[in-house]
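Since every read-out is calculated from the coordinates, none of them should be taken as a lab result. All values reported here derive from a predicted model rather than from experimental measurement. Glycine also receives a Cβ, built like all others from the backbone with ideal geometry; neighbour counts cover every protein chain displayed.
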């Protein structure tokens, strides 16, 4: 890999999955000067990129046939499997020396499986899930957690830097996905605490803004408390990050934890509670809609709460 | 209360409970010029304050008889009840216009009960628990959460400012304690997430410092992750904040949540897990020793872990 060079204007990129995240991320690479071939399940979501100069391809395989580096960011692990390992998938269109970079939040074990399959064809495979959401993607401020061959990861630096701000190599194949699991485990239990704390404060008759002033600067403080707490207080449960995507991530985390022989009761509780959030119709709300499900447990009608 | 003035060198303070927190906090008031009368269950822990000019009293009642303002910071709610409401307690020694300020983390309902008892004797009562631990107490950087009569709280400002940095009036009697419950609910669930995340990272074979670099700056970030995560990685489980004190706080939180008709599954899980932490012999370790109890569930011998 010492001979691999990634050069805007020369290295051809492919992009599979042009949803909210993918469209922003691919757009940054195009702006940086990379020529791009794109594919998405529904073509309409790729139009902006096509207008910016990208070429459309009808399948992930055709994307790979036109590209040196193939990025993907799709929905579920089953989608990852299809667009990379399927008969019309990217790997089938790759030549030796090409690189497949999956940025979907997906299973570490699937990342390892893809790496093995890729290696047998002389293709490099990198797992590089991100955190930071649609805003982080738009502002190129993502945290990118990267697994795979370190020399390849280093060679891809111009791409990482076009999309992210916190760029950390985590180890071999699957390690990027493992790091993302760590990230989601942290968010899962903390979100329970943030929601329960605000419900307690509400039910105790405290002024929610005033109690935030006491608890955010100290040992109880967190990103979720500071950033999502105020939205909950304002009854704003827009995503942010969709509940149904988080449920996918928690399922991956629990599966992998089981594979690793771990007992993680907080993670398990969180997954159960998010099932309730979805069952109550909040699947397309932000993850902080957990508050509404926990409120319903106590018969609290949060959206109609009176100011204290 | 508009005539109440709190003036160093003139207003006499009393201090009940000169443990690690209380000794630092009372010391700040003495340095500010307040004359102090002190009591502690074991006199030896008051010696430093006595050498700094404080007068010893044999009972909380005698403390109150010599003081205009009586502060207390003791162990359990039962201790608060004894040193304030007992026959040799502070209230028995108070005169009309005196102020009792309990800074113990205690029950909101007990704070309300004390306020009623005090009021019947023309005495003011304030609940003002703190967060920030022994370091926050020593450096006068505590967060002080205050409940009671606002005019009295305002008059006490010279005292608050001598001890704390984040000083927030939360409402009537008990509201300071309620705010502290909110603080502990936040810490409880987040600590589960931090410990489970590090265990997952370890078991997945990630480098723990490297994964911290990916997850601390973003949506998964928290005070506990940034401040206690590195200690866990270094196998340092010194307190910080004692497990057995946290168990007390979680018990108070669950009792009050029950009283308020709340269902808080994350808090309940946390309380159960901390029972395990104590049962495994970590009661006098820091709250982040939860990691060790969770590790034992998965048969992971964390103290003897090999570096990855």
> Fewest first, what order do B:187, B:126, B:7 take by the number of other Cβ atoms within 10 Å?
Replying inline: B:7, B:126, B:187
> If you rank B:238, A:255, A:249 by fewest surrounding Cβ atoms within 10 Å, what's the result?
Replying inline: B:238, A:255, A:249
> Along Cα→Cβ at 7 Å, what distances in nm separate the residue A:9 label point from those on the other copies, shortest first?
Replying inline: 7.5
> How many partner chain Cβ atoms sit within 10 Å of a residue's Cβ in peptide A:201-210, on average, as a whole number?
Replying inline: 6
>> Give me the percent relative contact order of chain A, please, defined on Cα pairs under 8 angstrom at least 6 residues apart.
In response: 13 percent
> Remind me, relative contact order of the range A:179-304 in percent, using alpha carbon pairs under 8 angstrom and six or more residues apart?
Replying inline: 34 percent
>> What is the angle, in °, between the Cα long axis of helix B:175-203 and the longest principal axis of the Cα atoms in chain B? Nearest 10 is fine, range 0 to 90.
In response: 20 degrees
>> Only counting other Cβ atoms within 10 Å, I'd like A:287, B:48 sorted with the fewest neighbours first.
In response: B:48, A:287
> Taking the label point as lying 7 angstrom from Cα along the Cα-to-Cβ axis, what are the distances from residue B:52 to the corresponding position in the remaining copies, in ascending order and in nanometres?
Replying inline: 6.0
>> Which order do the peptides B:209-216, A:288-295, A:205-212, B:37-44 come out in when sorted by mean C-beta neighbours inside 10 angstrom, highest first?
In response: A:288-295, B:209-216, A:205-212, B:37-44
>> In Å and on Cα atoms, what radius of gyration and Dmax does the range A:171-308 show?
In response: 15.6, 53
>> Principal axis extents for the range A:12-173, Cα atoms only, whole Å, descending order, please.
In response: 36, 33, 27
> At what distance in angstrom do the alpha carbon centres of the range A:189-247 and the range B:151-207 lie from each other?
Replying inline: 13 Å
>> Please compute, for peptide A:166-179, the average count of beta-carbon atoms on other protein chains lying within 10 Å of each residue's beta-carbon.
In response: 5
>> Let me see the P(r) profile for the range B:1-106: every Cα-Cα distance counted, bins of 5 Å, each bin given as a percent of all pairs.
In response: 3, 14, 27, 26, 19, 9, 2, 0
> Expressed as an acute angle from 0 to 90° and rounded to the nearest 10, what is the orientation of the C-alpha long axis of helix A:108-120 relative to the principal long axis of chain A?
Replying inline: 0 degrees
>> Just to check, using Stokes-Einstein with a Kirkwood Rh over alpha carbon pairs, what's the diffusion coefficient of chain B at 20 °C and 1.002 mPa s in µm²/s?
In response: 105 µm²/s
> Cα convex hull of the protein assembly as shown: how many Å³ per residue?
Replying inline: 158 Å³
> Quick one: Cα centre-to-centre distance for the range A:248-267 and the range A:8-32, in angstrom?
Replying inline: 32 Å
> Along Cα→Cβ at 7 Å, what distances in nm separate the residue A:231 label point from those on the other copies, shortest first?
Replying inline: 3.2
> Helix A:243-259 versus the longest principal axis of chain A: what is the Cα-based angle in degrees, 0 to 90, to the nearest 10?
Replying inline: 80 degrees
> What number, rounded to the nearest 500 deg cm²/dmol, is the helix-based mean residue ellipticity at 222 nm of the protein assembly as shown, given -39500 (n - 2.57) per DSSP H run of at least four residues and division by all its residues?
Replying inline: -14000 deg cm²/dmol
